[in-house]
Structures are given as C-alpha cells and as structure tokens.
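The values are calculated or read from the model by the stated rules, or taken from the named source; none is laboratory data. Bear in mind the structure is a predicted one, so any value in this text is a computation, not a measurement. Here Cβ is always computed from backbone atoms with ideal geometry, including for glycine, and neighbour counts include all displayed protein chains.
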Amino acid sequence: MPVFRHVIRPEFTHHVFFTRKAFDKNNPILAKTFTSEGGQPARVLVVVDSAVAKARPKLNTEIKAYIAAHAKRALLVAAPISIPGGEASKNNWKLVEKLWAAIERHNLSRQSCVLAIGGGAVLDLAGFAAATAHRGIRLVRMPTTSLSQADGGVGVKNGINYFGKKNWVGAFAVPAAVVNDLDFLKSLPPAAARGGVVEAFKVGLIRDARLAKLIEKNASRLSRREKTIFEKVIIASARLHLRHIATGGDPFEFGSARPLDFGHWAAHKLEQMSNFRLSHGDAVAVGIALDARYSTACGWLKPKDATRIGQVLQKLGCDTGHGKINPLVRKLLSRRDARGQFAVLAGLEEFRQHLGGALTLTLLRGWGHGEETNDVDFALMARVIAEAIH
C-alpha cells in the first residue's frame, strides 16, 4: 500500500512589544495587532483580570475609548469580561466555559481576536479558551505582572489545571502579539513584583551570566523595585525567553527537555502542595535554590557559586533555605508521603510524565551555563532537601 510523506513547515512571527500608556488613543501599537479580513474591523472580545480592573477602575472606560478611536481596525463586541486572577482560577473549568459562551454569543471567528489583560493565570486561561474555540482564535496578550511580562506572557503555551496537576490541559499557540505596558508594573505588591525578577535570574543562570550578575549586583535595588533597573531586567528576561523559544529548536516541546523550566519541577509541586498559597515566583526561587544545591552535590557547580545564588534570592526577598527559610516552605519541603519519602520528590516524576520520555533536568555547570541531564539521583536530591530545611 502507498505511503505519502510531506514535510510541513508552518512559520510564525512572534511580536513582543514594550510600551507605556497602551490605551492612549495616540499609541498605535495595540491597534496594529488587530488585523481585519476583507476590509472589515476585527471583532474583539476583551478579558480582564478582576484584580487589575479593581486596581485601575477606569480601565474598562479606557479600553472602550481606545477601540472606538481605532474603529477602522477593531470592533468591541461586548463590555470587557472580568475573571478572577491567581492560580486558583485555573482550577475552575466553568471560567473556560464562560469564555467559550461569550465567543459563541458574539460570533467571533478565526479572524476575530481575544485580548487578554492580566497576570499569567488569566493569560493562560483566556489563551486556552481562544486556542480551542474554532480550533484557534487570534490572541493578543497584555501581561500586567512582572512575571508574565518577563516570562509566561511571552511564551506560546496556554493551559489550565486538571487532576490536581498544573497545566495538565492546554494548547500551544503563538499569540498574534504580546503588548507589555510597563505602567502596569507600578502598583504590584512585593511578591508579584519579585516574581519576574526571579524568572529573569533563572534564565540568566542558564543562558546569560551577564544578566544573572546584573541581578546579583543590583539585588537590593531590585528588591526596592527601583524603576530603571527593574524595567531593564524585565525587558532582558523577555528577550532571552523569546530568543530561546524562537531558536532553541523545540518551541512546542516535542522533546523531553524543558531548559527554561530550570527549578520548576519542585516549584510546580510546591504550588500544588500549598493549594497555591505559595506564589509561583517564590516557588521558583525555592526550586532554583534546590537545583543549585543539587548541581553542587553532583560536582557540577562550585559551592561558592551555589551560595551566591542563595544570597541573591535572599536579597530579592525570597526565603529559600539559604540562611533562612519561609515557614510555609519548610513545612512543605518537610512533608512525607506514605512511604516516608519527601512528598515534593513526586514532582520529578510528574515533570517527566508531562513530556514523556526520560526524566530530563537542567542543572548548572556555572553561572550562565545550564546543561541537561537524564541521570537524576533521587537519594542525593532527598539529602539536598534535608539540608535545605535544617
């Protein structure tokens, strides 16, 4: 019987913009992300993080005025839909159904657009709804947290939690555009502000020692959120994440490695174990500290370099187990399963199951030098955890 084979090479252009006052009618960036079909304005459905809407009471009015000022490119089909932010919202399937219902009710098509404004959880949830409606509606992301502007909002992944596991249901979809309005970062609470810096430190440690050292040098200033250095770090992180996605050779994660998820096997499990009381940024800080210690235990990373990593995280405000440890983190790391093993170690197997294939972790050979390994010593990792909590 015949076998037909043909290589399909879809091409995507991933636009990430940094700007200010994105809803000023004289700022054309957002309007240019809306593309019309046959000369008609794009039908736009807006989804807003409820916390963002509360912090900026005039935001809905600004959105309506902006789209009205650019009526040749966009048509607002309804008042912005508010949904709760935070990781807990990604456990609520009814929110996805709410967005699907709005997409159906307002006759959005594959030429239409969902504009998602908010933190990473809202972007994930709205992105998943858009990616699955009509097999994919154009999505424009407007991240409003340092974490989402530096990392998550720049990516090509969408998802919600299921079976008690983070992002178990999801889809890959390159957004039509990402518009990072730096003005949204002004009012972030401390934990939300440092989340983006932690992710920037992560990508610097595995990809760019200059960025990691810049964060080390300015850790105290970053903890105070001094505008110039804070924004510089967030922009640099977004650039590195985008570069890896575009040039790393595996944007849709067909392989078994996720180098950008350095420190995340523990972070994702700790978030679940805490019922998401532990923020993603703080959980990643713990994961970075653990994997830095483990890299040292394997003989890969010099002890002084691991110590420096812990010191930077401490200065940023993350109590990760280098010098002092957050009581919640200590409690989570100390938890044992029915076999008497550290419960967080289950995160390693979940990390492997997510992609399949061999368990692949990114560890450190030095600052700026991440390297993948399939050789993971669970007993040694358990000793590293024990050291962190004592």
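I'd like the full set of residues that are farther than 23 Å from residue 238 by Cβ and β-branched (Val, Ile, Thr), limited to the range 1-18.
3, 7, 8
Quick one: would you say residue 110 is surrounded by fewer than 19 Cβ atoms within 10 Å (Cβ to Cβ), in the same structural domain as residue 75 (by TED's automatic domain parsing), modelled with pLDDT under 95 and not acidic (Asp, Glu)?
Details: surrounded by fewer than 19 Cβ atoms within 10 Å (Cβ to Cβ): yes; in the same structural domain as residue 75 (by TED's automatic domain parsing): yes; modelled with pLDDT under 95: yes; not acidic (Asp, Glu): yes.
Considered against the rule, which asks whether it is surrounded by fewer than 19 Cβ atoms within 10 Å (Cβ to Cβ), in the same structural domain as residue 75 (by TED's automatic domain parsing), modelled with pLDDT under 95 and not acidic (Asp, Glu), residue 110 comes out as yes.
Name, by its number, the condition in (1) modelled with pLDDT of 95 or more; (2) within 27 Å of residue 167 (Cβ to Cβ) that does not hold for residue 357.
(1)
Which number in (1) within 17 Å of residue 212 (Cα to Cα); (2) touching a Ser or Thr at 6+ places or on another chain (Cβ under 8 Å); (3) touching a residue at least 60 places away in the same chain (Cβ under 8 Å) marks the one condition that residue 308 misses?
Residue 308 satisfies all of (1) within 17 Å of residue 212 (Cα to Cα); (2) touching a Ser or Thr at 6+ places or on another chain (Cβ under 8 Å); (3) touching a residue at least 60 places away in the same chain (Cβ under 8 Å) except (2).
Identify, by number, the condition in (1) assigned by TED's automatic domain parsing to the domain that holds residue 77; (2) more than 18 Å from residue 75 (Cα to Cα); (3) not β-branched (Val, Ile, Thr) that residue 139 doesn't meet.
(2)
Among the candidates 194, 210, 135, 221, which residue alone is of a type in the set (Lys, Arg) and crowded, with 24+ Cβ neighbours inside 10 Å? Spell out the reasoning first.
Details: 210 fails: crowded, with 24+ Cβ neighbours inside 10 Å; 135 fails: crowded, with 24+ Cβ neighbours inside 10 Å; 221 fails: crowded, with 24+ Cβ neighbours inside 10 Å.
Exactly one of 194, 210, 135, 221 is of a type in the set (Lys, Arg) and crowded, with 24+ Cβ neighbours inside 10 Å, namely 194.
How about the range 263-372: which helices (runs of 4 or more DSSP H) wholly inside it have at least 3 residues that are buried (at least 21 other Cβ atoms within 10 Å of the Cβ) and assigned by TED's automatic domain parsing to the domain that holds residue 151?
none
How many residues are part of a strand (DSSP E or B) and among the small types (Gly, Ala, Ser) when one looks only at the range 144-165? Don't jump to the end; show me each part of the working.
Restricting attention to the range 144-165, the residues satisfying the condition of being part of a strand (DSSP E or B) are 157-162, 165.
After this cut, where a residue has to be among the small types (Gly, Ala, Ser) as well, the list is 159.
Total satisfying the criteria: 1.
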